[in-house]
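Asks: Before I ask anything, let me first share the structure, which is written out below as structure tokens.
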Amino acid sequence: MTESDAPKPGSAPPPLLDLTIDNITPNTIRINSQSADARLTYLMARLVTHLHDFARETRLSTDEWMASMEFLIGCGKICSDVRNEFILLSDVLGLSLLVDNINHPKPPTATEGSVLGPFHTHDAPLLPNGSSMTSDPAGEPMLALCTVRDTRGNPIRGVNVDIWTTDSSGHYDVQHSERDEPSERCVMVTDEQGRFWFRGLKPVSYPIPHDGPVGKLLERLKRHCWRPAHVHFMFSKEGWDKLVTALYLKGDPYETSDAVFGVKKSLVVDLEKVDKETAEEYGVEEGIWLLRQDFVLTTEEETERLRDELATEALKKLGLNMKLVDHLPVPDLD
């Protein structure tokens, strides 16, 4: 089916043909092409094309198709306000990182993104710089000293920084049934010099939830369910491209086999130890762990420009006749 074959919005639905293995795809695309939303029409056409091609290429059996339906049903059943099995599925399939890389490309000087993960919440307390974000008496104390700058090295004040990590046992607060308030998470705001700093715990390796459908899938694939030790960060301020990222500890046994593909070389960090001068300045104990990191953000304009350039280049390589509308590709019918 060509784009000119698509029905005009508001017209009668196109009649279905005598359906076969070979023509079910164009028929499905035709019936889905009645929307005035060009992007939706394009997305549905490509989704149907790839799904149908997958079934034809693999000669998908009825039993396998039903098993996939039961798998998705199981993902839905185990989801809750504090657990999203579909995000976890997207993570272990590498889709989450791919989508982030496409939508938030970075110039070489900017901080790269990573996966959001399934355990971000919206109830983290707003804390002043220097506060402790942990209520866990166990674990190894850590001081984090961070700055946020633009690609020219200028500090950015007033950036909301959402921070979350596990406790010393390798669990997020929402994984504890007795949770009555947030822990190991907070929101801070950068000061005039683009700084934020907090006290927490040295992160530890932990397994992603593997008691549900995604865990069973990993087991079937002979994949482990572990993530290397890390701290999540999310940066947001009007006019700046939102950055979702994480810092991973160098030398972690899962550094090169993260179950959700979140690790990038630029995000792997070495911890230091707090010296006497730093301990006195920040009111912490000398010799505890120290995390230093300079984060670099890009403006929305910078990111949109780079995303458009990369999209145009990629579409040309694929030989597709496309144009960008609101920074997203649609078929160019002109």
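Asks: For residues in region 113-151 being of a type in the set (Asp, Glu) and at pLDDT 95 or above, which is surrounded by the most Cβ atoms within 10 Å (Cβ to Cβ)?
Replies: Ranking the candidates gives 150 first.
Asks: Okay, next question. Consider region 62-114. How many of its residues are part of a helix (DSSP H, G or I) and closer than 18 Å to residue 212 by Cα?
Replies: 21
Asks: So, one more: Kindly indicate the residue of region 3-29 that is of a type in the set (A, V, I, L, M, F, W, C) and modelled with pLDDT of 80 or more and also surrounded by the most Cβ atoms within 10 Å (Cβ to Cβ) among those meeting that condition.
Replies: The selected residue is 29.
Asks: Follow-up question, since we're still on this one. Scan region 90-98 and give yes if some residue there is farther than 25 Å from residue 216 by Cα, assigned by TED's automatic domain parsing to the domain that holds residue 227, surrounded by 19 or more Cβ atoms within 10 Å (Cβ to Cβ) and in contact (Cβ under 8 Å) with a residue 60 or more places away in the chain, otherwise no.
Replies: No, the conditions are met nowhere in region 90-98.
Asks: Kindly evaluate residue 55 against the criterion of being over 30 Å from residue 310 (Cβ atoms), outside the structural domain of residue 111 (by TED's automatic domain parsing) and out of contact with any helix residue (DSSP H, G or I) (no Cβ under 7 Å at 6 or more places or on another chain).
Replies: Yes, satisfied.
Asks: Let me ask something else. Could you identify the single residue in 280, 238 that is without any contact (Cβ under 8 Å) to a residue 60 or more places away in the chain, closer than 21 Å to residue 326 by Cβ, in the same structural domain as residue 129 (by TED's automatic domain parsing) and surrounded by fewer than 17 Cβ atoms within 10 Å (Cβ to Cβ)?
Replies: 238
This table checks each residue for (1) part of a loop (DSSP other than H, G, I, E, B); (2) touching a Gly at 6+ places or on another chain (Cβ under 7 Å); (3) more than 21 Å from residue 126 (Cα to Cα).
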position: 144; (1), (2), (3): no, yes, no
position: 158; (1), (2), (3): yes, no, no
position: 162; (1), (2), (3): no, no, no
position: 171; (1), (2), (3): yes, no, yes
position: 177; (1), (2), (3): yes, no, yes
position: 181; (1), (2), (3): yes, no, no
position: 188; (1), (2), (3): no, no, no
position: 193; (1), (2), (3): yes, no, no
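Asks: Limited to region 266-283, what total is found for residues that are within 13 Å of residue 111 (Cβ to Cβ) and over 18 Å from the mean Cα position of the chain (by Cα)?
Replies: Total meeting the criteria: 1.
Asks: Of everything in region 147-167, what is touching a residue at least 40 places away in the same chain (Cβ under 8 Å) and under 21 Å from residue 228 (Cα atoms)? Give them in sequence order.
Replies: Passing the criteria: 162, 163, 164, 165, 166.
Asks: Take region 107-129 and flag every residue that is over 22 Å from residue 229 (Cβ atoms) and touching a helix residue (DSSP H, G or I) at 6+ places or on another chain (Cβ under 8 Å).
Replies: Residue satisfying the conditions is 107 alone.
Asks: Does region 249-277 hold any residues that are buried (at least 20 other Cβ atoms within 10 Å of the Cβ), closer than 23 Å to residue 85 by Cα and touching a Gly at 6+ places or on another chain (Cβ under 9 Å), and which are they?
Replies: 260, 262
Asks: With the checklist (1) exposed (fewer than 15 other Cβ atoms within 10 Å of the Cβ); (2) closer than 27 Å to residue 151 by Cβ; (3) at pLDDT below 95 in hand, flag the one item residue 319 doesn't pass.
Replies: Tallying (1) exposed (fewer than 15 other Cβ atoms within 10 Å of the Cβ); (2) closer than 27 Å to residue 151 by Cβ; (3) at pLDDT below 95, residue 319 fails exactly one: (2).
Asks: List, please: which pairs have Cβ atoms under 8 Å, are six or more places apart or on different chains, and start with a residue in region 21-47 that is outside the structural domain of residue 322 (by TED's automatic domain parsing) and assigned to a loop (DSSP other than H, G, I, E, B) and end with one that is at pLDDT 95 or above and surrounded by fewer than 16 Cβ atoms within 10 Å (Cβ to Cβ)?
Replies: 21/56
Residue by residue, here is whether (1) farther than 20 Å from residue 185 by Cα; (2) more than 22 Å from the chain's Cα centre (by Cα); (3) at pLDDT 95 or above holds:
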position: 213; (1), (2), (3): yes, no, yes
position: 217; (1), (2), (3): yes, no, yes
position: 235; (1), (2), (3): no, no, yes
position: 238; (1), (2), (3): yes, no, yes
position: 264; (1), (2), (3): yes, no, yes
position: 285; (1), (2), (3): yes, yes, yes
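Asks: Now for a separate question. Given the structure, is residue 81 over 27 Å from residue 15 (Cα atoms), at pLDDT below 95 and surrounded by fewer than 14 Cβ atoms within 10 Å (Cβ to Cβ)?
Replies: yes
Asks: May I ask you to verify whether residue 246 is within 20 Å of residue 200 (Cβ to Cβ) and free of Cβ contacts under 8 Å to residues at least 40 places away in the same chain?
Replies: Judged against the criteria, residue 246 is not a match.
Asks: Further question on the same structure: Of everything in region 37-65 that's within 30 Å of the chain's Cα centre (by Cα) and among the small types (Gly, Ala, Ser), which residue is modelled with the lowest pLDDT?
Replies: 38
The values are calculated or read from the model by the stated rules, or taken from the named source; none is laboratory data. A quick note: this is a predicted structure, and the numbers were derived from the prediction, not measured. Backbone-built Cβ (ideal geometry, glycine too); neighbour counts: all protein chains shown.
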